[in-house]
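The values are calculated or read from the model by the stated rules, or taken from the named source; none is laboratory data. Predicted, not measured: the structure shown is a model, and the values here were computed from it. All Cβ positions, even for glycine, are placed from backbone atoms using ideal geometry, and neighbour counts span all protein chains on display. We work out accessible area using only protein heavy atoms, side chains counted, and drop any ligands, DNA or RNA first. Shrake-Rupley method; radii C 1.70, N 1.55, O 1.52, S 1.80 Å.
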Amino acid sequence: MTEKFKNMETAVIHAGYDAKQHLGSLATPIFQTSTFTFDSAEQGEKRFAGEEEGFIYSRLGNPTVNALQERIAELEGAEAGLAFASGMAAVSAVLVALTKGGDHILCSQGVYGCTFGFLELLNEKYQITHDFCAMETAEQMEQLIRPETTCIYVETPINPTMKLIDLELVARVAKKHDIPVVVDNTFSSPYLQQPLQAGCDIVLHSATKYIGGHGDVIAGLAAGTKEMMHTIAMTTLKDVGGVISPFDAWLLLRGMKTLPVRMDRHCENAEYIVEQLKKHPAVKCVFYPGDQAGKDFAIMEKQMRKGGGLISFEIHGSKQQAQKLLNDLSFIKIAVSLGDAETLIQHPATMTHSGIPEQTRKQMGISDELIRLSVGLEAKQDIWEDLQQALDQLEEAETPVQSHHQ
Ligand SMILES: Cc1ncc(COP(=O)(O)O)c(C=O)c1O
């Protein structure tokens, strides 16, 4: 947050939009146009030369998209924001902007499967290498930082293991070496965590998730300094072209208005489900940042408002049993997104993280028995009832039939 808005609950509704400039329209108008007309050839020349403010072409700027960019900047406490056609368009645009052939990226131990795929692509095509690091101590990071390290890339909570990384620690080490820190804040949303306040440099989101919140849009966002955002806007956004459509920007502006209300409910429901899962005999262990007994609880308290809406857990058994659990659910949907009103469940080893080689996947803590749950906004008792009946079926299949003969 900047000084313009004191509270996020107000900023999510008002930041970036002034109704007076749009005939009093309460909702942000959708400027569904590819291009903008000039009053004269001379005006066109001035706009292209940057001598006059104004819109030119929607890949270079659009009023609906601008409102969204200003809003995300406000929520993350950044000078400027950018919007993209997908979370991966944001990830790739930021990573390409910060690197050149031969550079090195230091990554958290565990990233989203397609981010992993993009890191591999950078390596294969441009010899931009990467190392994964637990980032639990400064020493672990120092050992892997090289003169050609130009970016530190962090996911916290890490998808799908829910491990946390201390952002202040990472930012401190990075500052010493003058390396920018990029944080994928998708799992928390700006309501639960603001990485720039911890000293990081760029924050990005798959806005497809909590920011959109309704499972009806694919989009990405980034925020950081004016200078960095301008560089990305004029290079890897404008020239690679992963721009968001005005309608999708509008969907995000609409979804964002309820972000704090939704996040509070996601967290409340998740906390309840965690407590129930921990008591069920078919469950081996539960990973949740808000779990007081969890290894990373102190980090959660330091940098997150609450534990979030995502839980992962391991069951006793095998891949087949994990799949059986998913198949036995009633209204909980098997799907690989997260942050929607609907509770979604997925099996990372065969779905979101199936592109990662098995050995690396195991090192990241993604076993065949690991299941990720995105807790929705339904009644928490109903969510648990559905999970419980499926977990009970696993238990019943495991327990041999007892003989009642004396
Ligand atoms: C943590 C994280 N980052 C980035 C992405 C990519 O986002 P998108 O699917 O919007 O391209 C995802 C998608 O699941 C994700 O979970």
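Among the residues making up region 110-125, those that are more than 16 Å from the chain's Cα centre (by Cα) and either away from the ligand (no atom under 13 Å from the Cβ) or within 16 Å of Asn185 (Cα to Cα) (or both) are Glu120, Leu121, Leu122, Asn123, Glu124, Lys125. Screening region 331-340 for residues that are of a type outside the set (Val, Ile, Thr), within 21 Å of Glu275 (Cα to Cα) and open to solvent by less than 50 Å² (accessible area, probe 1.4 Å) and picking the one that is nearest to the ligand (Cβ to nearest atom) gives Leu338.
For the residues Glu314, Glu385, Glu301, the requirement of being away from the ligand (no atom under 16 Å from the Cβ), in a strand (DSSP E or B) and either modelled with pLDDT of 95 or more or not polar (S, T, N, Q) (or both) singles out Glu314.
Conditions tested, residue by residue: (1) in contact with a helix residue (DSSP H, G or I) (Cβ under 6 Å, 6 or more places away or on another chain); (2) open to solvent by 20 Å² or more (accessible area, probe 1.4 Å); (3) not β-branched (Val, Ile, Thr).
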residue	(1), (2), (3)
Ile158	no, no, no
Lys175	no, yes, yes
Gly199	yes, yes, yes
Lys209	no, yes, yes
Gly215	no, yes, yes
Gly224	no, no, yes
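Among the residues of region 204-217, is there at least one that is away from the ligand (no atom under 11 Å from the Cβ) and within 14 Å of Val94 (Cβ to Cβ)? Quick ask: steps written out before the conclusion?
Within region 204-217, the subset away from the ligand (no atom under 11 Å from the Cβ) is 213-216.
Pick out the ones that are also within 14 Å of Val94 (Cβ to Cβ) and you get none.
No, region 204-217 contains no residue that is away from the ligand (no atom under 11 Å from the Cβ) and within 14 Å of Val94 (Cβ to Cβ).
Filtered by the rule that a residue be surrounded by 15 or more Cβ atoms within 10 Å (Cβ to Cβ) and more than 15 Å from the ligand (Cβ to nearest atom), region 342-369 gives Glu342, Thr343, Ala349, Arg361, Gly365, Ser367, Asp368, Glu369. Within region 333-366, being free of Cβ contacts under 8 Å to residues at least 24 places away in the same chain, charged (D, E, K, R) and not in a strand (DSSP E or B) holds for Glu358, Arg361, Lys362.
Going through (1) under 21 Å from Lys284 (Cβ atoms); (2) free of Cβ contacts under 8 Å to residues at least 60 places away in the same chain one by one, Ser312 falls short only on (2). Residue count for region 59-81 under the criterion of being within 15 Å of the chain's Cα centre (by Cα) and within 16 Å of the ligand (Cβ to nearest atom): the result is 2.
Within region 128-147, does at least one residue satisfy the condition of being more than 16 Å from the ligand (Cβ to nearest atom), without any contact (Cβ under 8 Å) to a residue 60 or more places away in the chain, farther than 18 Å from Ile179 by Cβ and not acidic (Asp, Glu)? The answer is no, given that none of the residues of region 128-147 is more than 16 Å from the ligand (Cβ to nearest atom), without any contact (Cβ under 8 Å) to a residue 60 or more places away in the chain, farther than 18 Å from Ile179 by Cβ and not acidic (Asp, Glu).
Yes or no, residue by residue, for (1) at positive phi; (2) crowded, with 22+ Cβ neighbours inside 10 Å; (3) touching a strand residue (DSSP E or B) at 6+ places or on another chain (Cβ under 6 Å):
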position: Thr137; (1), (2), (3): no, no, no
position: Cys151; (1), (2), (3): no, yes, yes
position: Met162; (1), (2), (3): yes, yes, yes
position: Gly220; (1), (2), (3): no, yes, yes
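Given the condition crowded, with 16+ Cβ neighbours inside 10 Å and under 21 Å from Val111 (Cα atoms), answer yes or no: does some residue in region 314-322 qualify? The answer is yes, given that some residue of region 314-322 is crowded, with 16+ Cβ neighbours inside 10 Å and under 21 Å from Val111 (Cα atoms). Among residues of region 367-392 that are closer than 16 Å to Ser312 by Cβ and of a type in the set (S, T, N, Q), those with a Cβ under 6 angstrom from a residue that is buried (at least 19 other Cβ atoms within 10 Å of the Cβ) and modelled with pLDDT of 95 or more, sequence gap 6+ or separate chain, pair up as Ser374/Leu310; Ser374/Leu338; Ser374/Leu344. Of all the criteria given as (1) part of a loop (DSSP other than H, G, I, E, B); (2) surrounded by fewer than 16 Cβ atoms within 10 Å (Cβ to Cβ); (3) not hydrophobic (A, V, I, L, M, F, W, C), the one not satisfied by Gly308 is (2). The number of residues in region 234-274 that are crowded, with 23+ Cβ neighbours inside 10 Å, of a type in the set (Gly, Ala, Ser) and under 19 Å from Phe55 (Cβ atoms) comes to 1. Here Ala97 meets each of (1) in contact with a Cys (Cβ under 7 Å, 6 or more places away or on another chain); (2) open to solvent by 20 Å² or more (accessible area, probe 1.4 Å); (3) closer than 17 Å to Lys238 by Cβ with one exception, condition (1). Has region 27-37 got any residue that is part of a loop (DSSP other than H, G, I, E, B) and open to solvent by less than 10 Å² (accessible area, probe 1.4 Å)? No - not one qualifying residue is present in region 27-37.
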